[in-house]
1. Between (1) 0.95; (2) 1.05; (3) 1.25, which entry matches Rg/Rh (Cα atoms, Kirkwood Rh) as derived from the coordinates of this structure?
2. Using a cut-off of 13 Å between beta-carbons, work out the net charge of the residues near His250 (Lys and Arg +1, Asp and Glu -1, His250 not included).
3. Counting other Cβ atoms within 10 Å, which trypsin sites (Lys or Arg not before Pro) in region 186-252 have at most 12 and lie in a DSSP loop?
4. Among the complete DSSP H segments of the chain, which ones combine at least 15 Å of alpha-carbon extent along their axis with a mean Kyte-Doolittle hydropathy of 0.0 or more?
5. Two decimals is fine: what's Rg over Rh for region 577-637, C-alpha atoms, Kirkwood radius as Rh?
6. I need the trypsin sites (Lys or Arg not before Pro) found in region 505-564, filtered to DSSP loop residues with at most 15 other beta carbons within 10 Å of theirs.
7. Is the C-alpha gyration tensor of region 73-169 telling us rounded, prolate or oblate? Criteria: a/c under 1.5 is rounded; beyond that, a/b larger than b/c is prolate, otherwise oblate.
8. Would you please put 432-443, 354-365, 303-314 in order of how densely packed they are, using the mean number of other Cβ atoms within 10 angstrom per residue and starting with the highest?
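Values quoted throughout were computed directly from the atomic coordinates according to the rules given, and no laboratory measurement underlies them. Bear in mind the structure is a predicted one, so any value in this text is a computation, not a measurement. All Cβ positions, even for glycine, are placed from backbone atoms using ideal geometry, and neighbour counts span all protein chains on display.
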Amino acid sequence: MTDIIIGTAGHIDHGKTSLVKALTGVDADRFPEEKKRGITIDIGFAELELGSVRIGFVDVPGHEKFVKNMLAGASGIDAVLLVVAADEGVMPQTREHFEICRLLGTASGLIVLTKSDLADDELTELVTADVRELVEGSFLADAPIVAVSSKSGEGVEDLKTRLAQLAGEVGEREDELIARLPIDRSFSVKGFGAVVTGTLVSGEITEGAEMEILPSGNSVRIRGLQTHGKQVNVARAGRRTAVNLGGIDHAEIERGMVLAERNILRPTQSVDCEVEVLKDVPQPLRSRQRVRVHIGTVEALARLRVLNDSGEIGPGGRDFVQLRLESPIVCIPGERFIIRFYSPQITIAGGAILDNAAERHRRASFDASRTQLAKMASGDNLARIKEYLAIAGEHGLSFADIAARTGLRRDELIKVLKPGIDSRSIITADQSYVSRTPFDGLRSRALAAIGDFHRREPLSKGIPRETLKEKLFARISPDIFRAVLDSLVRENKIVADKEIIRSAEHRLELSADEELARERLTAIYRSAGFEVPKLEAALEEAARGTGVAPAQVRKIFQLLINAGEIVKVTEDFYFGSKVIAELIDKMRNYASRSTDRLIDVAQFKDLAGVSRKYAIPLLEYFDRERITRRSGDKRLIV
């Protein structure tokens, strides 16, 4: 079964609702006031099956006061029936509705001349010419024109045949996006609770699934689904859908909200877009202008900023703008919208979302911003993602960030990212992604910082990892920091030794005086045995007569520790490595002659020839190094 959503469009009293009733037998006017006044106030719905084709009709009001409601109904339609009364011809709302459908990107449709029984052949011919002039050069330029009388039924069967043909020409909706249902109605059904309706514009909804209402963020459970009046387990894109929700009261839901998959999309109040201004608007679209934005089923107020030097877009013009919304909305790139003047409320422009998480643009960077937006407008999903990453710079974006920016399903997003990753234009860093250029910039800065550290501290083994992170990567994802270091290690540009980072080319080179100080320190601790001097005294003795400052000698001392020539037992006790090694040999020889391999403090003092002052720190050091293991008051020699 092929499903298609068709919306009506046209001037008030041109017979849109009567036409839908003639086709389906359903009166789409739901409210008593509509029936009493004889005009459609809000959107209505009806269905028609034509063999293997199932059509959902969205009937919209034609009065200029209810264009807001018309716009809510026009979102998500696949095709349009442009309705023109044969006895009146093209009228103001005919033009506005047609322009709205064109700006919303409606790709196909039919033109219906209603009330054909009230017009003679000459008048019908004039109206036909009038309509052809209106739609010239548009998506309806070659659309069939069908004359119908809803009253007599003349032309209705011909129209049904045309509708079946139209349904076959409308392509399948893309299924790469997550489930999104812009809500156009919310009500409560006794015994069931909250119910929302709308056109499922992408993805699919499954009974029992957990979803959320945006922008409020309320979590809901799908208790039941209906499409085309029938209970179903799964609703798919392109169908009018009623959803019974659990976990929420219908009073918390209103038209303009979106039912969507959980934890993917994010509300926004700043969007970049490309807009087209209608040719016959009375004034240009200007920066700082307050406008009404209609996207999906929501109307939101916004301040507009034109991203060019003049700050305006004239009638018939096309350019990039940023919309700063007064309330949060939910949208995805490619989604189309309508702009109307704040007052008087007339349609002035339409466009498409390019970036749903836009940052403010500085006038000085307009050229760069326009170049990026042009690439987003003309490119595919991967091209847009590359521009989002270019804007994010060295901070990169997480997988969740990119999903929120695109609305793509997880599997589809992985597929889209793969060519960029394979070509190395996008660098992966666990769950973060960054463009190649800023990533290479981070690598260069990291190498420069490591080199600077070596020049300042030539006797240090290297820069501590945390110091480098705080210096360059404090506001950058830890994933990206690790990826930068890993890439430099793989290319043998740096060496990561536990928590110390050094250049692969770094070599410790001591001057003659520094070498003399190093030899003196080695001799002091080699000859001292376990009767080592205090550290400060050892440093002063090594520095004496060499011209090397004690602070520098301390760094040389650290080099000896790093090299394993001096062993740090505590902050107060340092011993020559040979002395410690000999003591370990003694302990293991002692253990080999013992039945239980145990040694107490007194025995250790005798074995090492040290006082308790040294015995306890040495034993605790051996515990840490797992040469001994404490067992009550004794130690087991491992």
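1. Answer label, from the structure shown: (3).
2. Net local charge, His250 excluded: +1.
3. Of the trypsin sites (Lys or Arg not before Pro), the ones in loops of region 186-252 whose Cβ has at most 12 other Cβ atoms within 10 Å are Lys190.
4. Membrane-span-like by this criterion, though nothing is claimed about a membrane: 121-135, 381-392, 478-490, 550-562.
5. With Rh from the inverse mean 1/r over Cα pairs, Rg/Rh is 0.91.
6. Arg507, Lys534, Arg544
7. Judged from the Cα gyration tensor, region 73-169 comes out oblate (a/c at least 1.5, b/c at or above a/b).
8. Order by mean packing, descending: 432-443, 303-314, 354-365.
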